[in-house]
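The values are calculated or read from the model by the stated rules, or taken from the named source; none is laboratory data. All figures in this text were calculated on a predicted structure; none of them were measured in a lab. Neighbour counts run over all protein chains shown; Cβ positions are idealised from the backbone, glycine included. For accessibility, only protein heavy atoms count, side chains too; no ligands or nucleic acids. Shrake-Rupley method; radii C 1.70, N 1.55, O 1.52, S 1.80 Å.
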Amino acid sequence: MRAGLALVALAFGTSGCFVSLGSLGALRGERPLRETTLEGEGRAKILLVDISNVITDLPTKHAFGLLEEESTVERVHAELKKAADDERVKAIVLRVNSPGGGVTASDDVYGEIVRFKKERKVPVVAAFGDVAASGGYYVACAADRIVAHPTTVTGSIGVIMTSLNLEGLLAKVGVRNQTFKAGEHKDILSPLRGATAEERRIVQSILDDLHARFVSVVREGRPKLDVSRLAELTDGRIFDAPQALQAGLIDQIGDLHAAIDAAKAAAQVDEARVVAYRRPDETRENIYSAARGAPAQVNLLPVDLGALAASGPRFMYLWAPGVGE
């Protein structure tokens, strides 16, 4: 192999970032979190934690699978573990800019935040960006206070599970399903055939149970919720910031600075440094810098056919317009 090949650059993601093959080993090796000050001064610290893009419990692969980005659950766990050992961290600000994600991933992140609050006894403030919907809102229910940007879209309290039925398409090209099974519903939600009425009932019962769990999390975390409108507020619809404030889904309309000020007030500190944790290959210059990934996106058809074929349908706390019947 020519030595020059080691200098070939690999592009990954949509952020325009490049990494040489020579640094590939370093990226796959130890990448400890390091603290960086974004603004402010003083001994007290306000930790800024990002919940961005689709909430995942599996790593995301880039550059043809050669580079791997840690999952949301892994990243949040690592950051809160580091913060737990620092007594100068007096509050957490969750910057949520996500349409949600997997049911279990969202619940895991929620649980990590609740446990941190219980152990460290520090306030947590959620700061909503463009989108804080479904699983993004679920996670925010672990916060003591929610501050939504004036242009935030939130809500989408519900569950979705997308499956494909390729039976008609396969028939047009002369391909027939030949599946052998033991157990009447073993191939439930197979893309090779349509679901039966009984299978639809089975899946719907799971969706209803997961939805009930979501609603219970919202009721527990949002004591000011207008319970007289509970059915309306939790039917999957979305809300703008003023609508969410009126319904009790959020506590305040304001920008990220307002959320940081709310965190300082809750922690009873007059001045504090706003800090964030980053990996060695990440850059954090100010409070608006993201540690990883691109701005939150809501896809009209957020279905990765390759991933679907490999892992099967998944239950999601995800705002996914355009998906469904």
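The residues of the range 147-174 that are more than 13 Å from Ser98 (Cα to Cα), under 16 Å from the mean Cα position of the chain (by Cα) and either modelled with pLDDT under 90 or crowded, with 24+ Cβ neighbours inside 10 Å (or both) amount to a single one, Ile157.
Assess whether Val159 counts as being closer than 30 Å to Phe239 by Cα and among the hydrophobic types (A, V, I, L, M, F, W, C).
Details: closer than 30 Å to Phe239 by Cα: yes; among the hydrophobic types (A, V, I, L, M, F, W, C): yes.
Answer is yes for this residue.
Return the residue satisfying two criteria in turn: it lies in the range 43-68 and is β-branched (Val, Ile, Thr) and at pLDDT 90 or above, and of such residues it is surrounded by the most Cβ atoms within 10 Å (Cβ to Cβ). Spell out the reasoning first.
Filtering the range 43-68 down to residues β-branched (Val, Ile, Thr) leaves 46, 49, 51, 54-56, 60.
With at pLDDT 90 or above added as a condition, the list becomes 46, 49, 51, 54-56.
Values: Ile46: 30, Val49: 23, Ile51: 26, Val54: 23, Ile55: 32, Thr56: 19.
In this case the residue turns out to be Ile55.
Scanning the range 238-270 for residues that are over 23 Å from Glu220 (Cα atoms) and not in a helix (DSSP H, G or I), we see that the one that is modelled with the lowest pLDDT is Asp270. Scanning the range 203-257 for residues that are among the β-branched types (Val, Ile, Thr) and surrounded by 15 or more Cβ atoms within 10 Å (Cβ to Cβ), we see that the one that is farthest from Val131 (Cα to Cα) is Val203. One residue stands out in the range 16-42 among those that are assigned to a strand (DSSP E or B) and at pLDDT below 50: the one that is nearest to Arg273 (Cα to Cα), namely Cys17.
Taking the condition out of contact with any Cys (no Cβ under 8 Å at 6 or more places or on another chain) and outside any helix (DSSP H, G or I), does Ala231 pass? Spell out how you get there, then give the answer.
Details: out of contact with any Cys (no Cβ under 8 Å at 6 or more places or on another chain): yes; outside any helix (DSSP H, G or I): no.
Answer is no for this residue.
Out of the range 283-294, which residues are open to solvent by 20 Å² or more (accessible area, probe 1.4 Å) and at pLDDT 80 or above? The answer is Asn286, Tyr288.
Residue count for the range 96-123 satisfying the condition of being crowded, with 24+ Cβ neighbours inside 10 Å and not in a helix (DSSP H, G or I): 5.
Just to be sure I understand, how many residues within the range 124-172 are part of a loop (DSSP other than H, G, I, E, B) and not hydrophobic (A, V, I, L, M, F, W, C)?
Start the filter on the range 124-172 by keeping residues that are part of a loop (DSSP other than H, G, I, E, B), which leaves 134, 141-144, 149-152, 156-159, 162-166.
So of that shortlist, the ones also not hydrophobic (A, V, I, L, M, F, W, C) come out as 134, 144, 149-152, 156, 158, 162-163, 165.
Of the residues in the range 124-172, 11 are part of a loop (DSSP other than H, G, I, E, B) and not hydrophobic (A, V, I, L, M, F, W, C).
Being in a helix (DSSP H, G or I) and in contact with a Lys or Arg (Cβ under 8 Å, 6 or more places away or on another chain) is the filter here, so list the residues in the range 191-228 that pass it. Give the steps one after another, and end with the answer.
The initial filter retains those residues of the range 191-228 that are in a helix (DSSP H, G or I), namely 197-221, 227-228.
Answer for the range 191-228, where residues must be in a helix (DSSP H, G or I) and in contact with a Lys or Arg (Cβ under 8 Å, 6 or more places away or on another chain): just Val227.
Restricting attention to the range 129-146, the residues being in contact with a helix residue (DSSP H, G or I) (Cβ under 7 Å, 6 or more places away or on another chain) and either open to solvent by 10 Å² or more (accessible area, probe 1.4 Å) or of a type outside the set (Ser, Thr, Tyr) (or both) number 8. Every condition in (1) assigned to a strand (DSSP E or B); (2) open to solvent by 20 Å² or more (accessible area, probe 1.4 Å) is met by Ile188 except one, and the failing one is (1).
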